[in-house]
Every structure is written in structure tokens, then in C-alpha cells.
Amino acid sequence: MATVLAIETSCDETAVAIVKNREVLSSTIASQIPIHRQYGGVVPEVASRQHVETINDGIAEAFQEAGIGWAEIDGIGATCAPGLVGALLVGLSAAKTLAIVHQKPFIGVHHLEGHIYASYLLAPDLEPPFLCLLVSGGHTSLIYVKDCGIYETLGETRDDAAGEAFDKVARLLQLSYPGGPMIDKLAREGNPKAFPLPEGKISLPSGGYHPYDSSFSGLKTAVLRLVKKLEQSGEKPLPVNDIAASFQDTVARSLTRKTIACALDYGLSTIAVGGGVAANSGLRQHLQTAAESHNLRVIFPSLKFCTDNAAMIACAGADHLERGHTSSLTLGVRSRLAITDVMQLYS
Ligand code: KG4
Ligand code: ZN
């Protein structure tokens, strides 16, 4: 059972965690959200500087919380792709330095593989094969999890990611960043049937629609048109709760339909959900109900491990380490890297 310390700095959270196999010994997160909120989104340069300022405290705190020392650490992991290059570099450089100083193996971790591994923290009995619905700020994918490091992408978004759609709709409703949690909160007070909105569908040249790919930009435009129409008709204040609920319900229904169809078509009886949008109450409700009616198991990580954290990175790193997958100290960061190329990170 490998004990791994991992660092996650791919975006606006400086996170450090220590995980023993699938058990979280400590998990610290210094969120930069209040800093970026004033700009309405993440400013990469500000994020990098902030990571530099908080990383050392995070490492010290992670050890303190875990109550262990360097002797018990078997390896050091860090997110190396995909993400903001300057931000990733801070965590990767820190992890490599620690690996050299303490003479421990170094494990570069793919951020999205981390989101998949968040489900193992909640359900340590989980084993591949299973289907992962990965819904974050930058990605919306249906991934066939075959084994550690072995993935096949079955569906993707053709335009905006699910989290991005939440953030953009929140912005046009003049809600603060990040938009997902705000929409989720308002939607609880709204009527999801108030405004019928179109589910994005991808047409196939052969006719019909792509069963697993998504599109959210048309839905975002439909919300924009709805807001303009309501404003022109003099509706004040805007029924933001109903708009949020109708939007959220449309996204949740669309993702649920595709995920269930995919699981059934591929004969996968377990669905793990990962990424920030996995925290969404509408998605949780729709997918849970649909999965139950088809006798499928669905795993939603606990809320704190849906959004970015280092425990999921350490968990993925520990699994790779156990299999002898370690990275070269010359490994660099990558702003983009397909989940199907994860094994490129290991020598
Ligand atoms: O996984 P994550 O923390 O970062 C990325 O890897 O992108 O996901 C962040 C995204 C943001 O777009 C945020 O608005 C969205 O997840 N999000 C939510 C909720 N909590 C976070 N979207 C909908 N409902 C939520 N409760
Ligand atoms: Zn993420």
C-alpha cells in the first residue's frame, strides 16, 4: 500500500494531500476564488504567483494533519497536465525538488485521471471496468475506464464544457464567479419547468444524433435570448431562480440521458462521476434516479473531492506507483494532454 504526497496547482486551487492507497490521511486546499472573483474568472499570472506564495504552507499543513513524517512517504506526485502552464509549473517544480531532496520516486499525474480517482476515495471497493462521466470547467467526457492509465474516450463536448456553460450562464445572469455553485443554489428555489430550453444535439452525417457527444453553446445562447426577451418585455426583477432551475435541469437531463445510454450500450454496470459539476444537485438527482431504474451503480465523490483537490491526485499517483509507473525528473508540464495518453507520463 503506497503512501503518496501530491500537489495540485493546475488552476486556482493550491492543494496538497497525503493518501495511503485509497485512504485520505490529509487534504489541504488554499482556494484563490476570492482573488479571481474581482476579475470574473481566473487570471493565469495571478494564479501562478499565488501558488508560489501558499505552496510551502500547504505542504507543512498536509504533514501536520496526517501526523506522519517523510519516512512514511513512498512517492511524490504532482499534476503535470492539462492546465495553466505557469500554475502547473509551480506544483511540478516543488514536487520534483522534494523528490530529489528526500530521494523518493516522482509521479506526474494527469488532472483528469485524478478526477476519475476521486470516486475511489468514496468507494475503495471500486474496480475497473466502469464508465466515468467527467464534468469539469474544461472538460465534458464519457470515459471507459479499463485499468489504471488505460482509458477510451466514448463521448466529448463539441464546444463548451459543462462547467464552462454554468459559468457563462451565471455571468449573463450577473452572478459571481464561479457560476456553477451559484446556479445550483438559486435553482433550488426555482421551477425547472418554467422555461423550456433546447438540449444540444450533435447531428451525424448519416442522420440522427451522436449518442454520447454533447454541445452546450446553443443552450447558452438560448438562455441569453430568453434573458433579452424577458428584459424587453419589462420583466423586473428577472426570474433568475426559474432561469437557473430551467438551465440546470436541461444540462442534467442531457448528461443523464447520454451517460445511461453509454453505460447500457457498453455493458458497464457502474458509473463514476467526477469534476466540479459532479457536485451539482440537479445532476446528482437525475443521474441517481435514472441509474437506479436501470439497476446501475452510480458513485458521486463527496463534495470536497468533486472540485479540484490533491487527494484525488495522490490517489491516482499511489496506484501508478504500486504498478511501478514513475516519471522522469525531466517531465515537463502540458497545457493539453488527452486522457488516452496518460501512459506517456511514465518511463
Ligand atoms: O473540476 P473543477 O474544480 O476544475 C476544473 O478542472 O475545471 O471544476 C470547476 C467547475 C467550474 O466551472 C464550476 O462552476 C463548476 O465546476 N461547479 C459546479 C458546481 N460546483 C462547481 N457546477 C454546477 N454545480 C455545482 N454545484
Ligand atoms: Zn479539475
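Points to keep in mind about this one:
- The phi torsions of the range 163-170, fed into the Karplus equation with coefficients 6.51, -1.76 and 1.60 and a -60° offset, translate into couplings of x, 4, 5, 4, 5, 5, 5, 4 Hz, rounded to whole numbers, with Gly and Pro shown as x.
- What you get for the chain, charging only the Cβ of Lys and Arg (+1) and of Asp and Glu (-1), is a dipole of about 900 debye around the Cα centre.
- Once the Kirkwood radius over Cα pairs is known for the range 128-305, the Stokes-Einstein relation at 20 °C and 1.002 mPa s delivers a diffusion coefficient of 129 µm²/s.
- Degrees separating the helix 217-232 axis from the principal Cα axis of the chain, which is the longest one: 50 degrees
- Amide N proximity, the range 194-209 versus S233 label position 7 Å along Cα-to-Cβ, cut-off under 15 Å: 194-197
- Proximal aspartates and glutamates to K193, defined as alpha-carbon separation beneath 12 angstrom and excluding residues fewer than eight positions away on the same chain: D242, D249
- Here each label is just a point 7 Å from Cα along the line to Cβ, and for V52 and T221 those points are 4.2 nm apart.
- Value at 222 nm in deg cm²/dmol, rounded to 500, when DSSP H runs of n ≥ 4 in the chain each add -39,500 (n - 2.57): -13500 deg cm²/dmol
- Spatially proximal lysines relative to K220 (Cα-Cα < 16 Å; intrachain offsets below 8 disregarded): K168, K201, K228, K229
- With Cα atoms, 0 to 90° folded angle of helix 85-102 axis to the chain main axis: 20 degrees
- Alpha-carbon Rg with Dmax, taken over the chain, Å: 20.3, 68
- Under a 5 Å amide H cut-off, with hydrogens placed 1.01 Å from N, I299 pairs with I271, A272, V273 among residues at least 5 apart or on other chains.
- Length gained when the stretch D125-D341 is fully extended (0.36 nm per residue, less Cα-Cα span): 75.2 nm
- Volume per residue of the C-alpha convex hull in the range 244-316, rounded to whole Å³: 88 Å³
- Loop sites in the range 151-228: GluC sites (Glu not before Pro), DSSP, at most 12 other Cβ within 10 Å: E189
- Hits among lysines - C-alpha to C-alpha of K20 under 27 Å, sequence gap 8 or more where chains match: K96, K104, K146, K304
- The chain: angle of helix 240-265 to the longest principal axis, Cα-based, in degrees nearest 10: 60 degrees
- Among the chymotrypsin sites (Phe, Trp or Tyr not before Pro) found in the range 38-104, those both in a DSSP coil and sparsely packed, with 11 or fewer other Cβ atoms within 10 Å of their Cβ, are Y39.
- Averaging Cα coordinates gives a centre for the range 113-161 and one for the range 269-347; these two points are 5 Å apart.
Readers should treat all values here as calculations from the given coordinates under stated rules, not as data from a laboratory. Fair warning: this is a prediction, and the values are worked out from it, not measured in the lab. Backbone-built Cβ (ideal geometry, glycine too); neighbour counts: all protein chains shown.
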